[in-house]
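Heads up: the structure comes next, in structure tokens.
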Amino acid sequence: MTSITSVELNFLVFRYLQESGFTHSAFALGYEAGINKGTIDGNLVPPGALIIFIQKGLQYLEMEANLSNSDADLDEDFSFLQPLDLITKDVNQLRQMIKEKRKNAQKDKDKDKEHESYEKKDKDKEHENEHEGERAQVREKERKEREKDFEKDRERIEKNKEREKQPEDHNDKDVVRDQEDKVNVKHEENGASREPMDIPLTDVEIPSSDVTILEGHTNEVCACAWSPAGSLLASGSGDSTARIWTIADGSSRFSSQNGSSNVLVLKHVKGRTNEKSKDVTTLDWNGEGTMLATGSYDGQARIWGTNGELISTLSKHKGPIFSLKWNKKGDYLLTGSCDKTAIVWDVKAEQSKQQFEFHSGPTLDVDWRNNVSFAMSSTDNMIYVCKIGENHPIKTFAGHQGEVNCVKWDPTGSLLASCSDDISAKIWSMKQEKYVHDLREHSKEIYTIRWSPTGPGTNNPNQQLVLASASFDSTVKLWDVEQGKLICSLDGHREPVYSVAFSPNGEYLASGSLDKSMHIWSLKEGKIVKTYTGSGGIFEVCWNKEGDKLAACFANNTVCVLDFRI
């Protein structure tokens, strides 16, 4: 008789958790059960394997229990059994259950037939009356709907006439009120919200001549980042590689088929492999753009030169690396891992400077405050601010009621923003214990947040500082951090939004979603000015330093580069 091993069962549960979106649980099980050390080829296991396996087992038990039945109506017999019965009772007990339930069902049928014959005549008359009443109600409803539509059309025509008479006014509020050009934007003014409108995006679709598709990855691409120094774009994938693409200045038509000289493949494992342990989960360029750091599912951080050469491999974590950041000076690299710790690495010495072990769950995100202190967040709902040389957190922020997915310091390092599965974003200050603002307008988990490159400490000091939050509720929301209030809600996506990025001048925001689309929003006007739809869900979007190109990485193994011109 065929049996299933504990290793095989662990793998099926691991895959089920991954496919169901329980990413962190899958990471934890994979790490503790040593999934990556097994010999199972994941490519041979079909999607939904665990569910199929359980269903097949239940079907087998049902077939065995019904085997002695000579009646033709077996489908009915099958409906007598529940999954719990199949799991907890043996075949003889199941057969007895079926016999008893068949008898009871037959008695109920006989009673029903008697009642049906007496009630049929009365019901026929009732049905006639009911149908006549329903038809009258439908006619009345249709008439009212036509009247409403006519009234709306009349009001719209009158408004258009009034608008044509008035002189054009291009201030911010009037532009936002112009519903003809808006696409699903809901502004909050004086506590009242406007309903979003659905308007076709054909007039703002980025033409194919401005789109470059980079092909070469053989698995989904989960991270991308432009070099701050110039025309290099890095991407990280589930195919155990990162890639450095050279993108020419100006409008370019790059394709990896044009020659291998335009792309460098950074292999995280020798030869071909299906090991999930080598997935590239995160990457970051140093400030000068001379080195690229990558984090991997195998718990190792790697530093690469712009020529594709592996400079160093940093090994100490005991679980997958979820986040990784260079400090501004470029002498330290910070990594956060599923092993519940964060490590500061001395890049020159190629060794760990200090390991920070404060969380009780996997570390989800890390972000430098300055060259020597940083924030770290976790599945344990906590945020710790740490400093090199200190053995305890210099600040503890408690207040979230769910996993803290992302932490980001503002441009001056004085305020920390965080977002969580508890559907809130919060603003914290080093000057107080409790959060400064509790931002609650989203209806589902908030996946990521970004500060605008505006206000004090930026190249755009005269513009207002804004926080953007992206959520599984398919919206992006912009917040006034000083007041702690919602500025507007950008409602153009139909699926969870995984990534947002501000343009370098702070005038535009790009958003990428699982609905396969990337929207570019004008923050001044509060509307979509450009949009692109690819062939897979989007995991990350990013701008180059000039602000004239965007990159987006997709679940269909591609990276797209878009020329941005208004």
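Rolled with a 1.4 Å probe across the full set of protein chains, the surface gives K530 an accessible area near 50 Å².
May I ask you to rank L12, L467 by accessible area, largest first, using a 1.4 Å probe over the protein chains only?
Ranking L12, L467 by accessible area, largest first, yields L12, L467.
Taking all protein chains as they are arranged and a probe of 1.4 Å, the heavy atoms of R15 leave approximately 40 Å² accessible to solvent. Within the full protein context, the accessible area of E288 is estimated at about 140 Å² for a probe radius of 1.4 Å.
If we count every other residue with Cβ under 13 angstrom of H400's Cβ, Lys/Arg +1 and Asp/Glu -1, where does the sum land? Result for the local shell: -4. Taking the Cβ of Q463 as the center, what net charge do the other residues with Cβ under 12 Å away carry, scoring Lys and Arg +1 and Asp and Glu -1? Net charge around Q463: 0.
In the full protein context, the stretch 443-552 carries 36 Å² of accessible surface per residue, based on a 1.4 Å probe and ignoring ligands, DNA and RNA.
Of the solvent-accessible surface of the stretch 294-377, computed with a 1.4 Å probe and all protein chains present, 42% belongs to carbon and sulfur. Whose amide H sits under 5 Å from the amide H of V466, counting only residues 5 or more places off or on another chain, with H placed in the peptide plane? Here the answer is S452, T454, since their amide H atoms fall under 5 Å of that of V466. Largest accessible area first, the residues E433, E215 order themselves as E433, E215 under a 1.4 Å probe with ligands, DNA and RNA left out. Distances between placed amide hydrogens fall under 5 Å for K527 paired with S522, all partners being 5 or more residues away or on another chain. Annotation: amide H of S420 within the under-5 Å range of N405, I446, sequence separation 5 or more or interchain, hydrogens built in the peptide plane.
Taking 0.36 nm per residue of separation and subtracting the current Cα-Cα distance, fully stretching the chain between I311 and T39 would add 94.9 nm. Each of H400, H24 has its accessible area taken with a 1.4 Å probe; listed largest first, they run H24, H400.
The values are calculated or read from the model by the stated rules, or taken from the named source; none is laboratory data. All values derive from a computational prediction rather than experimental measurement. Cβ: placed from backbone, ideal geometry, glycine included. Neighbour counts: every protein chain shown. Quick note on the areas: whole protein, heavy atoms, side chains included, nothing else; ligands and nucleic acids left out. Shrake-Rupley method; radii C 1.70, N 1.55, O 1.52, S 1.80 Å.
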